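Have a look at the structure below before the remarks.
The values are calculated or read from the model by the stated rules, or taken from the named source; none is laboratory data. Bear in mind the structure is a predicted one, so any value in this text is a computation, not a measurement. Reconstructed Cβ throughout: ideal geometry from the backbone, glycine too, with neighbour counts over all protein chains shown. For the accessible areas, the whole protein counts, side chains as well, though only heavy atoms, and no ligand, DNA or RNA atoms are used. Shrake-Rupley method; radii C 1.70, N 1.55, O 1.52, S 1.80 Å.
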Amino acid sequence: MKIKYTAAWLGVLVLAASFLSGCGARAGDSQGKGQTTEETSGTRKEAGTLTAGDTDELAQSMDMAVSSSRDTLNIQISSDPGSLCAFNTGGSQAANIIMRQVCEPLFDYGYHYEVDYVLAESWDHVDDTHYVFHLRQGVKYSDGRDFTAEDVLFSMKMYEADPAKKQFVKSVDLEQTKIIDDHTIEIVLTEPDAYFFSCLRSCLIMNEDAYNESSDKFTEAPIGTGPYKVAEYIGGSSARLEANEAYWGGVPAIKNVNIKVINDVSQRCIELETGGVDLVVELGEHDFARVDEDERFRVYIKPGYKSNGFYFNCSENSIFKDKRVRQAVAYAIDNNAIFAAVYQNRFGSVSKSFPSNGMIDYDPAWEQGGYYETNVEKAKALLAEAGIPEGTKVTIITNEDRTMLSNCEIIQAMIGAIGLEADILSYEKAVYNSVVDDETGGWDMATAAFTAPSGYVADMGHAYFAQEGINRSCYYNEELEKMVTDCVRIMDDGERKALTDKIVNILQEEIPAYAYTRQAVNWAWVKELKGFNVYGQNNVAVKCLYFEE
């Protein structure tokens, strides 16, 4: 009998609890106030054998498979990964799916957001700015080099040098961070950082000599400590991975992994149905029902940690410089209607606040009072109060994603009902960012997805609306600026929560950006593929997969 699944979102509580137990004293529980060094006794579960049988319940642990009836796995990814070097600007999901099979962090989020110890076996919390990491011994890179603490320091320095990646180590004092021995490193922070661990898990570790000897600086063939190594990479088309026979966790059961770039949503489904791929990373909503009913496949809806929405251009170049106009559009939009029409009341959920409920510190209390519940008459009154005449033209920009375009068309009709005439301009993904970065470029609303690498709401506020962040809305609020900057230094949960509440209140009142739905990612795979679960936020651990006919 076929089993169908829709995932429950359990990550928030599990992740918070995991960090508290896995890191000694975690941010916010009176850590470092006159305490002695605390030791962590937990270690990652060693490689074992998966129990034979149906693992579709997606409840298995992080065990490596030791045998497989097939030695080759074909995976679909949705876009050109670009550079495979973790140090470079970028870091799309497509690139991460490849890179995280090849390179590893000190620790990561597991299947249920538990802490998965990878290159670090444990760490000591000395005080709020000093952490001593004990590294796994006997680990080698796929080229035979030894993994040491020097690699950790080198990698953090490389992340710090990249404008987009430096956020992952923004609080690390690289000058004071010390190598104690080959397998021990003391990471020193410039100041207490409530998001330190959430960010550090994004840093993949590589060897300095191997990087410098690489002719293309790991653009096409990074060398890591992971279970696989890159055998071939054709940018924009495909990647071929081979098992790393020297992997510290054992040799993966699946020896070969072919990763195919399939941009077209419908084509992804066709490839799955015709045997071209075994695992689809992003199955289109329009194809989901057909695959769900096909006994050959399994499907999984993974609730996301991002909100779908759009920036308002709050600069002097747009009518949205006036808060009342931004609020009018929010009141004109029916989030429930978008969720029903585009996401079939199934893929994700309706936004009931600006932050996604996938954020670590999400509070349902932010939903109280209703998040701009649809009120066309109120929207019209706000426009009239702001002096915006009926028939005023606005421009909505988006990328070439079909779902985003559908959202824009619905929003176009909704704001048309309050007297705003919207034009929609669609750009290629490579061009879109440069357009939205130009406040004078003639756009008024721009589609976006909102989250934060750390998973914390205040960090999201800093990333999108602080002057040193992305701030594509060109929005400035002095009070908000100070709060999102101060929040990172507050280690007490209660104190940080009170400040986060104020941040959310400002973002929902001032509305520099609006969220209408919360994302989900749809996975589909052949029923013979066992051991699958979504690793961390949105990845796959191929080393845990195997085929069983």
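Odds and ends about this structure:
- Residues satisfying the stated conditions in the stretch 108-132, i.e. crowded, with 20+ Cβ neighbours inside 10 Å, farther than 17 Å from GLY249 by Cα and either among the small types (Gly, Ala, Ser) or in contact with a Leu (Cβ under 6 Å, 6 or more places away or on another chain) (or both): TYR113
- Flag for VAL526 being open to solvent by 10 Å² or more (accessible area, probe 1.4 Å) and either aromatic (Phe, Trp, Tyr) or within 18 Å of the chain's Cα centre (by Cα) (or both): no
- Of all residues in the stretch 132-166, those being in contact (Cβ under 8 Å) with a residue 60 or more places away in the chain and touching a helix residue (DSSP H, G or I) at 6+ places or on another chain (Cβ under 9 Å) number 8.
- Pairs where the first residue, in the stretch 355-377, is in contact (Cβ under 8 Å) with a residue 12 or more places away in the chain and the second is assigned to a loop (DSSP other than H, G, I, E, B) and among the aliphatic types (A, V, I, L, M), C-beta under 8 Å, 6+ apart: MET359/ALA452; TYR372/ILE333; TYR372/ILE511; THR374/ILE333; VAL376/ALA417; VAL376/ILE418
- Residues in the stretch 504-533 that are of a type outside the set (Asp, Glu), in a loop (DSSP other than H, G, I, E, B) and farther than 19 Å from LEU241 by Cβ: ILE511, PRO512, LYS527, ASN533.
- Taken over the stretch 321-341, the residue count meeting the criterion of being out of contact with any strand residue (DSSP E or B) (no Cβ under 7 Å at 6 or more places or on another chain), hydrophobic (A, V, I, L, M, F, W, C), in contact (Cβ under 8 Å) with a residue 40 or more places away in the chain and surrounded by fewer than 21 Cβ atoms within 10 Å (Cβ to Cβ) is 2.
- Within the stretch 365-402, the set of residues being farther than 16 Å from ALA330 by Cβ, touching a Lys or Arg at 6+ places or on another chain (Cβ under 7 Å) and open to solvent by 60 Å² or more (accessible area, probe 1.4 Å) comprises just one member, GLU400.
- Picking from residues in the stretch 437-472 that are open to solvent by less than 10 Å² (accessible area, probe 1.4 Å), closer than 26 Å to SER202 by Cα and assigned to a loop (DSSP other than H, G, I, E, B), the one that is modelled with the highest pLDDT is ALA466.
- In summary, strands (runs of 3 or more DSSP E) completely within the stretch 90-147 and bearing 3 or more residues that are out of contact with any Cys (no Cβ under 9 Å at 6 or more places or on another chain) and farther than 23 Å from LEU545 by Cβ occur at 120-127, 130-135.
- Residues satisfying the stated conditions in the stretch 486-509, i.e. within 13 Å of TYR195 (Cα to Cα), open to solvent by 40 Å² or more (accessible area, probe 1.4 Å) and either of a type in the set (Ser, Thr, Tyr) or in contact (Cβ under 8 Å) with a residue 40 or more places away in the chain (or both): ARG489, ASP492, ASP493
- The single residue among ALA458, ALA524, ALA520 that is in contact with a Cys (Cβ under 9 Å, 6 or more places away or on another chain), over 29 Å from SER171 (Cα atoms) and among the aliphatic types (A, V, I, L, M) turns out to be ALA524.
- Yes/no for VAL169 being crowded, with 16+ Cβ neighbours inside 10 Å, touching a helix residue (DSSP H, G or I) at 6+ places or on another chain (Cβ under 7 Å), in contact (Cβ under 8 Å) with a residue 24 or more places away in the chain and under 30 Å from VAL488 (Cβ atoms): yes
- When ALA446, ALA452 are checked against the criterion of being over 17 Å from the mean Cα position of the chain (by Cα) and not basic (Lys, Arg), ALA446 stands alone in meeting it.
- Matching residues, the stretch 357-386, being touching a Gly at 6+ places or on another chain (Cβ under 7 Å) and at pLDDT below 95: GLY358, MET359, ILE360
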